[in-house]
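Have a look at the structure below before the remarks.
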Amino acid sequence: MTQKQEKTDPYVKLGINYFLNIPICDKILYRILPYIFMETQTQKIILTNDLIIRSALKEDLEKQHSKDKKLRIIEELGVSHGTARIDIAVVNGIMHGYEIKSDQDTLQRLPEQMNIFNAVFDKVTLVVGKTHLYDAIKIIPDWWGIIVAKADQDGSVIFNVIREGEKNSEQDCVSIARLLWREEALKILEEAGEARGFYSKPRNCIYQKLSTVLDQETLGAKVRETIFFRPEWRLDAPLMTDGGLYQLQSTS
């Protein structure tokens, strides 16, 4: 082993046997620890906050999806009737949730949020500041994506993808249906010819009915389509079709 290798990999002295025996989440962290340590030795650490990560992430996602035929990027999308809110949701062919935990946030609510998001989104990615990276990796499931956000010296935010998100296998049809407003859920039941007797029912009964009438794939597609074309809602979530702004006709 050369002296240069020891300097660039502070954990190489632990040996390959140690690396093979540590959990998979720690193996992910092991790959990026040299990068983190070398950076902290040469630069002043600048803590990220929710505002700067959110702004930069939204801009980055708009660029990534600029060629999508349909796109809606929504901030603070309520899930389970507002029990939790995902920081940014990308609605196109799937629903991809991005949860932000900056250096100045805490991870206290993450386990509860995780269970709620797991029931709804097709994919979920955690965007996390470096100070919380190790603890966050131990909380979230292996199929969540992980992006590390760091603030550069000039105030800009740099994103490093640690792990790509995978397809969620833990979704729940009733939870997906709860993303709909009551009238929207009734309309879908009407289209399926199953609305009779449900017009005066509580919304939870309607969601339960939807979960039995439609399979998960069909229900998910209906929910995405409904949210995408939802009028007079969330001015921060413009509709984009074929890379351009989609203008809904006013209903007033």
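Put in line by how crowded their Cβ is, counting other Cβ atoms within 10 Å and starting with the fewest, Trp144, Trp181 read Trp181, Trp144.
Footprinting exposure proxy ranking of Lys58, Lys201, fewest other C-beta atoms within 10 angstrom first, gives Lys201, Lys58.
Within the stretch 111-136, which residues have the backbone N less than 20 Å from the label spot 7 Å out from Ala221 along Cα→beta-carbon, could you tell me? 120-123, by backbone N distance to the label point.
Read-outs: derived from the displayed coordinates by stated rules, not from any lab. In this text, all values refer to a predicted model and were calculated from it rather than measured experimentally. A quick note on method: Cβ atoms are made from the backbone with ideal geometry, for glycine too, and the neighbour counts reach across all protein chains shown.
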